[in-house]
Amino acid sequence: MAISRIFLIHQSYTRIGYTDYQEFVFRQHVDTFQQVMEACRRSNDYPAEARFRWTCDVNGALQYWFAYADSQQLKAWNRWVSEKRIEITAFPFHFTRLPSQEALIRYLYSVERLRDAGMPVATATTVGVHGATSGVIDVLADSNVRHLMVAAGENRGVPLEPRPSAFWWESASGQRLLVWNGLPLDFGRTLGIGDNAEAAQKTISEYCADLESREYPYDFVVFPVTSGKPGVNTSVDFGLSEFVKDWNESASDDMPKIEFVRPTDVFTHLEATFGDSIRTVRGEWPDWWSDGIASSAYETTVARQALAAAMEAERVATCAHFIDGSTVPAEEFREAYWYLSLYDEHTWGPQGSVSQPYAASTQAQWNAKAGFVHRAAALADNLLTSAFARVTDQIRAEDDAVVVFNPTPWKRSAFIHLPKQKLDTSRGIQDPETGVAAPKWITDQGMSFVATDLPPLGYKVFKWTDTSAFPESVLKTEGTTLFNRFYELEVDGATGIISRWYDKRLNRDLLDDRNPYGLAQYIYERIDGQGRDALGVSSRSNPSFVRTSPTVARVRSGRQSPLAASLVSEFLADGTRKVTQEVTLYEHQPWVDIEVTVHKHAVQEPESAYLAFPFFVPNSTTRVATAAGLTEVDHGLIQDTCRDWITTQGWVDFSNDSFGVTIANPDAPLAQFGRINTGRWQTRFNPRSSTLFSWILNNYWDSNYRASQDGEIKFRYRMQSHEGEFDPAAAWRFGEETALRPTVAEVKQNHKGSQLESVKSFLSVEPDHVIVTAVKRAEDAKGYIVRLREVSGRPTVVRLELSRGNKANVATALEMNRESVPMIDGVAIRYIDANELLTLRITE
């Protein structure tokens, strides 16, 4: 098709850091906003197609400015927004793959605040990275943001082809976004955009002719441009208005005209003119840039735990409000999510972070980046502690007792540890429902006990009793082998590696004895005789790696009690002071816990490390939790996208028709399958085995990522086998229970508490394949928000029971009310479609 229009989009590429200290970057963007308004004013008399227009590629810097801008500044800004000269897009920042779907929703709450201030938001953009999680589809579409403009870079990965092109990107629930898979940012500059208009006519005409010769199906092309190199955090180029005016005045009739536009203008034309012919694409869109998650491994573990703590704190605080109507500290929660979003933003440090690791700018930017996540973690922990104290203060206790709160909205049992010194070992702890003393064990570090049948999103009060429970235990340790009623685990005394995991119920070994690696074995990797350039996409050299395994220092007994027993292996490994691995079996819990602690040396040469999990599940299908729900590898991924590694959201499962293994990985999101795939640049892949390589750390990119990592870094894993086919509800619950541990506290005698029950549930949901992703106070303080997702691909009727509320409404992800939902005697009933994301607002 003949190209008759060139759409020019002017923007920056916002990175919080990289070019300057993070606070200074925010200030620079505020200066840019002033320049944008001046450029709009100066060009107001230009021809319509040449009038200056600006696109805010993200809105985080706007939020920063709006926090202190005066009314006159906001009025001036809104004027140009209303005149369609400025467009504000949906994401606050360009993100890594770290955010869960619920985190993405919280980060998008700013969209509704912008709309309330008179600024429409209809489009999202991504720049640099080669894709986005399909978890954004339901979130954006449900927030009335139905367009996504992508400007993927060409280094460090393979952009999705063909481009430029459009497609409808459809989620598993049937929601969809219209995507423009566009040219790299500033590609138009290489053709002469912004230079002399007459000189640029030849190169641009040749480019358009080349597109047309390849059966390009559109009558336009889009050039997103910044004000020039380096493109990152740049300001305004007013000369672009002059360029457009000069081009259109000098171009011949057979040449395309240039129009200064916003992304919304592109999508309006695209949908109106070509909507019926645009193809549909389904699946997750992974990218190579996500390896940066492991370039700051310690802080990433803190971020994952902080998000879990913030979400748990919201649930507990909401339950406290159910009890006494006390205020939920909404601003503190917003602050915690703001700092989490700044860590999830895709910039770790400056351009010279690897070449100049000790430069003041590098150190300053890294300290700020790490500070974001540590501040979020401190806020989340404080919010959880204070919310739980509000709950326990309202529990009437005739005597001293122990309260256990279950943050998950289903009944569960848990292994509980109460840190407390000088406990009377002769006393027991009584389950209020059965009246029977719970199995417990007391050491100098505190008391461990088994809390059974904890109520859904609720608490159970255990009383101290003179009757102590020391039941006969099947759990035992013999040499370097652990046994319980479920499994047998064998540690090789010579190597310290877990060499056997036998399932007594399935009567089978769960580890692949043909695999050269043992369970959770540490693998250290270096590039053989080559530098980081060997991993650049331009070289595609399939570099040679040197991989080494640790040598054992010793295997020793860990904790030993009737409730839990462990073995500890200490290794000497390259790049570390030591690596410690503790594997634990439980008397009552049918899972295996493994904690690996890497005592890392700072190494600036390119390095990487993995933990191997060589399961033996023949003919298995690999499924992972993602921000979109669950994704099947390789079937659930868009064709010709990254297959070297996947970012997970809490668990991985290998299953066949008879049995399977689920592994929860709350701290280490990056996963490789079948073999180590780094440097392969795969765009199609069928895992050869049920082996997971957890990619725990690297420093492979030559810019932005940290040059080295050091200190003590802990990675937690929990594994369980299951009989029969894959059960998505069970996998989700297993992952959630691993991340959201029960909260426990000792309470003193209290005759004034309003809560008389010793067992209390605040919320429950049926059926089990509808999971709860959020329980919180509404942003406008009018009721409560409960977010649900169907995870099995089966439509159903969901029953949501709450201890408070008598009215229910379906709401958008951003909490705007839609239709009402029947609610009878505290139970809301509503149809939920397969894989649907459903938000309910409950009021009184």
Please list the non-local residues whose amide H lies under 5 Å from the amide H of Ser235, H modeled 1.01 Å from N, same-chain partners needing a gap of 5 or more.
Ser227
Of the listed links Lys748/Lys782; Lys420/Lys476; Lys504/Lys760; Lys420/Lys760, those spanning more than 30 angstrom between alpha carbons are Lys748/Lys782; Lys504/Lys760
Starting from the Cα of Lys504, step 7 Å along the direction of its Cβ; do the same at Arg27; then give the gap between the two resulting points in nm.
6.6 nm
Pull up the cross-link candidates among the lysines for Lys245, meaning alpha carbon to alpha carbon under 27 Å and not fewer than 8 places away within one chain.
Lys84, Lys202, Lys229, Lys257
For Lys440, solvent-accessible area (1.4 Å; no DNA, RNA or ligand), Å²
10 Å²
Student exercise, the range 123-270 dipole from Lys, Arg, Asp, Glu Cβ charges, in Debye to nearest 20:
560 debye
With only alpha-carbon atoms in the gyration tensor, what are the semi-axes of the equivalent ellipsoid for the chain, in Å, largest first?
48, 32, 24
Under 1.5 on a/c is rounded, so check that first for the range 205-290, then, if it is not, pick prolate when a/b is larger than b/c and oblate when it is not; a ≥ b ≥ c are the square roots of the alpha carbon gyration tensor eigenvalues.
oblate
How large is ³J(HN,Hα) for each residue in the range 142-148, as worked out from phi by the Karplus curve 6.51 cos²θ - 1.76 cosθ + 1.60 (θ = phi - 60°), to whole Hz, x for Gly and Pro?
5, 9, 6, 10, 10, 10, 9
Just grab the label-to-label distance for Lys578 and Glu242, each label 7 Å out from Cα along the Cβ direction, in nm (one decimal).
6.8 nm
Which lysines, on any chain, are close to Lys714 with Cα under 16 Å apart, when same-chain ones fewer than 8 places away are left out?
Lys578, Lys600
Which Cα, out of Ile258, His269, Ala564, lies furthest along the positive dipole direction of the chain (beta carbon charges, K/R +1, D/E -1)?
Ala564
If Ser355, Ser43, Ser549, Ser708 are ordered by their accessible area, calculated over protein heavy atoms with a 1.4 Å probe, which sequence runs from highest to lowest?
Ser355, Ser549, Ser708, Ser43
For a test of the definition: using alpha carbon positions, the gyration tensor, and the 1.5 limit on a/c, classify the range 510-649 as rounded, prolate or oblate.
oblate
Quick check on the range 498-571: what does the Kirkwood estimate of hydrodynamic radius come out to from the alpha carbon pairs, in Å?
16.1 Å
Can you list residues whose amide H is under 5 Å from Arg156's amide H, if they're 5+ apart or on another chain and H is modeled 1.01 Å from N?
Val537, Ser538
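Per residue, how much accessible area does the chain have with a 1.4 Å probe, in Å²?
Numbers: 30920 Å² over 844 residues.
Here the residues of the chain average 37 Å² of exposed surface.
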Ordered by residue, what ³J(HN,Hα) values in Hz, to whole numbers, does the range 70-76 give under the Karplus form 6.51 cos²θ - 1.76 cosθ + 1.60, where θ = phi - 60° and Gly and Pro are x?
7, 5, 5, 5, 5, 5, 5
Beta bridges per DSSP with both ends in the chain, % antiparallel, nearest 5
85 percent
Plugging the Cβ-Cβ distance of Asp70 and His374 into 1/(1 + (r/R0)^6) at R0 = 22 Å yields, to the nearest 0.05, a FRET efficiency of 0.10
3J(HN,Hα) from dihedral phi, the range 578-590, Karplus parametrisation 6.51/-1.76/1.60, rounded to Hz, x for glycine, proline
6, 10, 10, 10, 10, 10, 10, 10, 10, 5, 10, 9, x
Let me spell out the model: positive unit charges on the Cβ of Lys and Arg, negative unit charges on the Cβ of Asp and Glu, origin at the Cα centre of the chain. What dipole size does that give, in debye rounded to 20?
1140 debye
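Once the piece of chain linking Gln35 and Glu398 is laid out straight, how much longer is it, given 0.36 nm per residue of separation minus the C-alpha distance between them?
Gain in length upon complete extension: 124.0 nm.
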Residue among Trp645, Ala612, Ser171 farthest towards the positive dipole end of the chain, charges placed on Cβ
Ala612
Note: Ala360 to Arg79 extended length (0.36 nm per residue) minus current alpha-carbon separation gives 97.1 nm
Among Phe238, Pro184, Phe715, whose Cα lies farthest out toward the positive end of the dipole of the chain, if unit charges sit on the beta carbon of Lys, Arg (+1) and Asp, Glu (-1)?
Phe715
Taking 0.36 nm per intervening residue step and subtracting the Cα-Cα distance, what contour gain separates Glu746 from Thr434 on full extension?
110.3 nm
Residues whose built amide H sits under 5 Å from the amide H of His94, excluding neighbours closer than 5 in sequence, are His346
Cα→Cβ-extended label distance, 7 Å offset, between Tyr46 and Phe545, nm:
5.0 nm
For the range 572-700, which semi-axes, largest first and in whole Å, follow from the square roots of 5 times the eigenvalues of its Cα gyration tensor?
25, 22, 12
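Could you tell me whether the range 644-757 comes out rounded, prolate or oblate from its Cα gyration tensor? Rule is a ≥ b ≥ c as square roots of the eigenvalues, rounded for a/c under 1.5, then prolate if a/b exceeds b/c, otherwise oblate.
Verdict is oblate for the range 644-757.
When the dipole is taken about the Cα centre of the range 33-75, and only Lys, Arg (+1) and Asp, Glu (-1) are charged at their Cβ, what size is it in debye, to the nearest 20? Can you show the working numbers first?
Working: 5 positive and 5 negative charges, 16 e Å.
Around 80 debye, computed over the range 33-75.
Show me the three semi-axes of the equivalent ellipsoid for the range 289-423, from the C-alpha gyration tensor (sqrt of 5 times each eigenvalue), largest first, rounded to whole Å.
Numbers: eigenvalues 274, 54, 35 Å².
In descending order the semi-axes read 37, 16, 13 Å.
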Using 1/(1 + (r/R0)^6) with R0 = 22 angstrom and r between the beta carbons of Asp513 and Asn619, what's the FRET efficiency to the nearest 0.05?
0.80
In whole angstrom, the spacing between the Cα centers of the range 788-814 and the range 607-660 equals 29 Å
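The values are calculated or read from the model by the stated rules, or taken from the named source; none is laboratory data. Quantities reported herein were computed from a predicted structural model and do not represent experimental measurements. Here the Cβ is made from the backbone with ideal geometry for all residues, glycine too, and neighbour counts use every protein chain on show. Calculation scope for accessible area: heavy atoms of the full protein, side chains included, ligands and nucleic acids excluded. Shrake-Rupley method; radii C 1.70, N 1.55, O 1.52, S 1.80 Å.
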